Amino acid sequence: MPEVPKRTAVGPDHSASPIVIAPYAAEHRDAFERLNRDWLTAYDLLEPADEAELQDPGCAFLEAGGDIFVALSHRDVVGTAATRPWDAATLEIAKLAVAPHLHGRGIGRQLVRACLARAHARGTSRVVLISNSRLVAARKLYESLGFVADAVPPRLAAKYATADVFMSKTLGGRAEITFVEAPPDPADYARLRASVGWDARPADAAAAGLPAALYSVCAYRDGELVACGRVVGDGALYFYIQDIIVVPAHQQQGLGHAIMTRIERYLETHAPANAFIGLMAAAGAAPFYRRYGYDERPADRPGMFKIRK
């Protein structure tokens, strides 16, 4: 999802409101244009080919046999995504946009999932999209949903001069696990913690703290976060492994090992000699961490902690 510089929100406060993904209606046209024009302009990516799609999305997508989805909060449009068929087997996703003050809520992921669900329903075997290399967060989102990069097709290169990223996803068959070395969305992180019975963390703290990790790795199954792990610390003297979580339905399948293997690989290249690497193990998890060389603290040097009220 494009990262537009944040601005002060105007109108209702949507930060704690439920998000509903709904079909596009004519009354959403102005918001569709505004949200997409804002991020395209902010990144200097607005092209003549975009204008027709922004001014008449119904013609550009619906009349072409595609769909448009909007994310609604308080009946206000806070996100958009559109699809259109290339041929009987291929569907394109386009015009993904989310209001800047709601980035990090997982809205872009919900919109792409709605597009993928529609592709499955149509019997589509391949979904494609174009992007730009400056949209780093968007690319990480697409990768987490199983999209892979490929050469930009001539038909798109001729239409969009700024399109230097082309990605595709093949549908059908067994869903694969995709690993992405990036922080999880706060909403996904909250769901992951809840799945294993861990306490909820404040949403604003998660939004600020997750991107501050030294290293993060997430595992996604068909776009759904199913495991994660993080490393926090000062990056030189102390490193702490946090939030090694695997949803119950995917435990005992090697995901915890895959997460720890990637964390150990990071530590091998970033933690200097004699650096302290610590973690707090859940009940019964000590044998798992011993496999990677971790030991309990001795009785004469017990670990201690405090949670600020």
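Any idea which residue in region 252-295 is surrounded by the fewest Cβ atoms within 10 Å (Cβ to Cβ), counting only those that are among the hydrophobic types (A, V, I, L, M, F, W, C) and in a helix (DSSP H, G or I)?
Out of the qualifying residues, it is ALA286.
Of all the residues in region 179-222, those that are assigned to a strand (DSSP E or B), touching a Lys or Arg at 6+ places or on another chain (Cβ under 8 Å) and either surrounded by fewer than 21 Cβ atoms within 10 Å (Cβ to Cβ) or without any contact (Cβ under 8 Å) to a residue 40 or more places away in the chain (or both) number 3.
Looking only at residues in region 121-131 that are buried (at least 18 other Cβ atoms within 10 Å of the Cβ) and of a type in the set (Ser, Thr, Tyr), which one is nearest to ASP50 (Cα to Cα)? Filtering first and then ranking leaves SER131.
Within region 145-178, the residues that satisfy the criterion of being modelled with pLDDT of 85 or more, buried (at least 16 other Cβ atoms within 10 Å of the Cβ), in a strand (DSSP E or B) and not aliphatic (A, V, I, L, M) are PHE166, SER168, LYS169.
Could you list, in sequence order, all residues of region 99-109 that are in contact with a Gly (Cβ under 8 Å, 6 or more places away or on another chain) and in a helix (DSSP H, G or I)? Once the filter is applied, which keeps residues that are in contact with a Gly (Cβ under 8 Å, 6 or more places away or on another chain) and in a helix (DSSP H, G or I), region 99-109 yields LEU102, ILE107, GLY108, ARG109. Could you list, in sequence order, all residues of region 99-144 that are modelled with pLDDT under 95 and touching a Cys at 6+ places or on another chain (Cβ under 9 Å)? The one that is modelled with pLDDT under 95 and touching a Cys at 6+ places or on another chain (Cβ under 9 Å): SER144.
Look through ARG134, ARG139 and report the one residue that is touching a residue at least 60 places away in the same chain (Cβ under 8 Å), surrounded by 14 or more Cβ atoms within 10 Å (Cβ to Cβ) and not hydrophobic (A, V, I, L, M, F, W, C).
So the residue among ARG134, ARG139 that is touching a residue at least 60 places away in the same chain (Cβ under 8 Å), surrounded by 14 or more Cβ atoms within 10 Å (Cβ to Cβ) and not hydrophobic (A, V, I, L, M, F, W, C) is ARG134.
Within region 286-308, which residues are hydrophobic (A, V, I, L, M, F, W, C) and either touching a residue at least 40 places away in the same chain (Cβ under 8 Å) or under 26 Å from ARG201 (Cβ atoms) (or both)? Listed by number, the residues that qualify are ALA286, PHE288, MET304, PHE305, ILE307. Please indicate, with yes or no, whether at least one residue in region 240-251 is of a type in the set (Phe, Trp, Tyr) and buried (at least 17 other Cβ atoms within 10 Å of the Cβ). No; the residues of region 240-251 include none that is of a type in the set (Phe, Trp, Tyr) and buried (at least 17 other Cβ atoms within 10 Å of the Cβ). Within the set ALA138, ALA114, the sole residue that is in contact with a Ser or Thr (Cβ under 6 Å, 6 or more places away or on another chain), under 26 Å from PRO211 (Cβ atoms) and in a helix (DSSP H, G or I) turns out to be ALA138.
The values are calculated or read from the model by the stated rules, or taken from the named source; none is laboratory data. Computed from a prediction, not measured in an experiment: that's the story for all the values here. Glycine also receives a Cβ, built like all others from the backbone with ideal geometry; neighbour counts cover every protein chain displayed.
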